[in-house]
Structure formats: C-alpha cells, structure tokens
Amino acid sequence: MWLLICAFIVVLMVVDCLFCPIKIGVVIPADSISGMEEILAVKFWVSKHPKIGFKRVKLYVESPRRDPYEIREAYMKLVEQGVCAVIGGALSTEGVVLADLAAKTGVPTFGITTTTALISDRKDNYYRFIDTNDVLARYAARYTNEQGFERTLIIESSYNTEYTKGYVNAFTESFKGKVETLVLSDVPNTIIAAMESFDPDVIVLVLSPSELLMAVKTIRSYDETIPLVSSPWGGYEQSTGYYWNPSLNGLVVVSMFTPRIRKFEELVEEFRKATGAGISTAVLYSFMIMENLYKAIEKVGGKREKIIRYFDTPRIYEGAFGRIYMNDCGDAASEYVYISRMMNRHVETIGMYRNEFFSAGGVNQ
C-alpha cells in the first residue's frame, strides 16, 4: 500500500515538473506610448507562442505608475508569484530601479528600451538587447565632427535624466568644438534666446517625441535651415507617426535602427492587424527579448539561475535590425550604427558606422 502511495506521489511530482506553467512577469508603466506598445507586444507574443516545449506560459502583468516605489512593489509581487524572469523597462528611469531589484533578488530581468549607461558593466542580472545611450552619443558627435560643425547647442529633456545626462556628457566629451546645453522648458522663447546668444551651427535634440516636435517647431520659426540631429529617444518612428509634422523634414537621427526590418516581418503584420497599434522599435525589441528568452528556457529550463547563466555567456544574437553582441554584463552592441534622415513621414538611411563595441567573439545564437 505504501509503495503505491509513494509511486503515486512520484508520478504527481513528475507531472507537476513537466506540466506546471512557466511564469514570466512583466512590469512596465503604461503611461507612455512605448510602455503601452511593449505590454501589447509581450502579450501578443505569448498568445502566438503559448507553450515552451510541453509547458504552457503564464504571463503576469503589472502596470504601475512611473514611480520608483510603485515599480518596486509591482516587481516584488511578481517575485513572490514565482516568475522565472521579468520583462521591464521602457524608459531609462525605470531601468535603473529594475536593475537594482534584479541584482538583489536574483531574478533575470530584461529591459526593452532602457539605454542608460548608468547600469552598464555590472553583474546585476539585467539584460538588454539595445545599445546604450553613451555609445550612440559618441557616434552622433563623430557625425557632427565629420560634417564640420563647430558650435553645438544641445537641447535636453527635463525628465528621464538617467538617459539625457549620460547622452549629453558622452556627446560633449567627443565633440571637438564648443557645446552649450539648454534644459527644455515650456517657454519657447528660451530656445530662441539660446540660439541668438550662442549662434550654433547645429542643434542636437535629446528629447521625448512630443518635446522634440515642440522644440523643432520653435527652432524652425526662428531659423528654417539650421541642421538638426536627434537622439533615438524622440527622433524615430513616433516622429513619423504620432507626432509627425512637416517641420521634421531633414531631421537626422543617429541610432541603431534602420528602416529595413530583418526579422519578424510576418509577426509584425499580424500584430498590426490584431491590435491596431503602430509598429515601433519598442515592439520589435519586445519580440527580440521574448524570442531569445523562449530559446533560453527551451535549452536550459525555467530555473532563474540557469537563465542567468545562459545570458551571462557572451553571445551574438540575430536582431530585428541585424546582429547584436551581448557581453557578460548583459550590455548590448549592435553591429552597425545608422545615420538616418526624416523626410515626408519616412526614414531613409544616409550613412552607417561599424560599431567598435560590437565583438565578433561569443557564442552564436
């Protein structure tokens, strides 16, 4: 009798081990366009891929306000629910909080579009498939140097400073000429006053999409021809969609993005039809994370420590815009940095650099 009971318990344990769900957590504030898109994209991926092997995937979604305390509360709730990994971080401000939590809890956490360099070179269990802001700022400075510009006015946002300050500092260190910075305010005259006093020959914008449109309109009301260069934060797909205006024509963006999407074409079209949402880099990076997290779990299982060991191994991944190298600290470098120009709601590639931080070493994914 006892043998039968023991055998039954063993069978239950095996069945539970084989068929208990793989729990994945999401903690993304939904009070930004990118945040909403990322939540939709992760949910859509799981709806298309409900299982990893024989195990079903169960998604736990938390959408706190963009407040550090609420983000921490939401994250710890997911940890208590036993998730094997967390997807989180639209803005760099959120990424700093989540990276600290990942280091403390030992839960592998994946930032979607958090690019701050403040959490680079750390063994903190926080992984990103997107380049850091300081690298892109250096290439923006290289581009402006090569164009012969000597006086740069940088207009930066007053929020998401974990992103803006790192970008501005890296650009300033690499630019050969003079740099003046202006923190954006709600008063348009401050921009014009800065242009009059400093007399720049190029303006670099480190702003959100809505801020970028407002600033460009103000700049163009004063000077219709001065060259404008933008960081990827504000100056990409949202500025050709939600925030499009003809004044953005000619804006140059230095980023890891290219109009040519090399992966997920069919999935992107299905996502567009199913949700009605636009296709953004936030969506594509969400798909990249989910694809590679699924591959990792399929290969090593759903234990947190095994997933961490997998992503701590330097690898080259195939991303939506080309190859990406991730080092043993979870920091990524795209193979190329692209120079793009906006024109009539479209983005055209006008140049590119091979990223010196991309390594040919590592395991091919």
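Structure values in brief
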{"quantity": "Positions within the range 80-107 being part of a helix (DSSP H, G or I) and surrounded by fewer than 19 Cβ atoms within 10 Å (Cβ to Cβ), in sequence order", "calculated": "E80, D100, A103, K104, T105"}
{"quantity": "Residue match in the range 148-167 (condition: more than 26 Å from V97 (Cα to Cα) and aromatic (F, W, Y))", "calculated": "yes"}
{"quantity": "Matching option when the condition is surrounded by fewer than 23 Cβ atoms within 10 Å (Cβ to Cβ), touching a residue at least 12 places away in the same chain (Cβ under 8 Å) and more than 24 Å from the chain's Cα centre (by Cα), among E150, E162", "calculated": "E150"}
{"quantity": "Scope the range 41-73; condition of a type in the set (V, I, T) and more than 16 Å from L91 (Cβ to Cβ); matching residues", "calculated": "V42, V46, I52, V57, V61"}
{"quantity": "Long-range neighbours under 7 Å by Cβ, at least six apart or interchain, first residue free of Cβ contacts under 8 Å to residues at least 40 places away in the same chain within the range 181-194, second polar (S, T, N, Q) and surrounded by 13 or more Cβ atoms within 10 Å (Cβ to Cβ)", "calculated": "L182/T190; L184/S157; P188/T218; I191/T218; I192/T218"}
{"quantity": "R66, sole failed condition from (1) over 26 Å from G234 (Cα atoms); (2) modelled with pLDDT under 95", "calculated": "(1)"}
{"quantity": "Hits in the range 183-233 - residues which are among the acidic types (D, E) and in contact with a Lys or Arg (Cβ under 7 Å, 6 or more places away or on another chain)", "calculated": "D199, D201"}
{"quantity": "Conditions (1) surrounded by fewer than 20 Cβ atoms within 10 Å (Cβ to Cβ); (2) outside any helix (DSSP H, G or I): number failed by A194", "calculated": "(2)"}
{"quantity": "Options T152, T172: the member that is farther than 23 Å from A41 by Cα, in contact with a strand residue (DSSP E or B) (Cβ under 9 Å, 6 or more places away or on another chain) and part of a helix (DSSP H, G or I)", "calculated": "T172"}
{"quantity": "Boolean, L205 is closer than 29 Å to I33 by Cα, in contact with a helix residue (DSSP H, G or I) (Cβ under 6 Å, 6 or more places away or on another chain), surrounded by fewer than 23 Cβ atoms within 10 Å (Cβ to Cβ) and not small (G, A, S)", "calculated": "no"}
{"quantity": "Test: residue in the range 178-200 that is more than 15 Å from P246 (Cα to Cα), hydroxyl-bearing (S, T, Y), in contact with a strand residue (DSSP E or B) (Cβ under 6 Å, 6 or more places away or on another chain) and not assigned by TED's automatic domain parsing to the domain that holds I33", "calculated": "yes"}
{"quantity": "Checklist (1) surrounded by 22 or more Cβ atoms within 10 Å (Cβ to Cβ); (2) small (G, A, S); (3) out of contact with any strand residue (DSSP E or B) (no Cβ under 8 Å at 6 or more places or on another chain) applied to G319, failing item", "calculated": "(3)"}
{"quantity": "Residue that is farthest from T132 (Cα to Cα) [pool: residues in the range 58-88 that are in contact (Cβ under 8 Å) with a residue 40 or more places away in the chain and in contact with a Phe, Trp or Tyr (Cβ under 8 Å, 6 or more places away or on another chain)]", "calculated": "Q81"}
{"quantity": "Neighbours by Cβ (under 6 Å, 6+ apart or cross-chain): first from the range 284-304, touching a residue at least 40 places away in the same chain (Cβ under 8 Å) and over 25 Å from R260 (Cα atoms); second among the aliphatic types (A, V, I, L, M) and crowded, with 22+ Cβ neighbours inside 10 Å", "calculated": "R304/V107"}
{"quantity": "Any chance A117 is under 14 Å from the mean Cα position of the chain (by Cα), in contact (Cβ under 8 Å) with a residue 24 or more places away in the chain and more than 24 Å from M36 (Cβ to Cβ)", "calculated": "yes"}
{"quantity": "Selection within the range 20-55 - among the hydrophobic types (A, V, I, L, M, F, W, C) and at pLDDT below 90", "calculated": "A30, I33, M36"}
{"quantity": "Strands (runs of 3 or more DSSP E) enclosed by the range 225-330 - at least 2 residues per element that are more than 19 Å from the chain's Cα centre (by Cα) and modelled with pLDDT of 95 or more", "calculated": "228-230"}
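The values are calculated or read from the model by the stated rules, or taken from the named source; none is laboratory data. Predicted, not measured: the structure shown is a model, and the values here were computed from it. Positions of Cβ are backbone-derived with ideal geometry, glycine not excepted, and every protein chain shown enters the neighbour counts.
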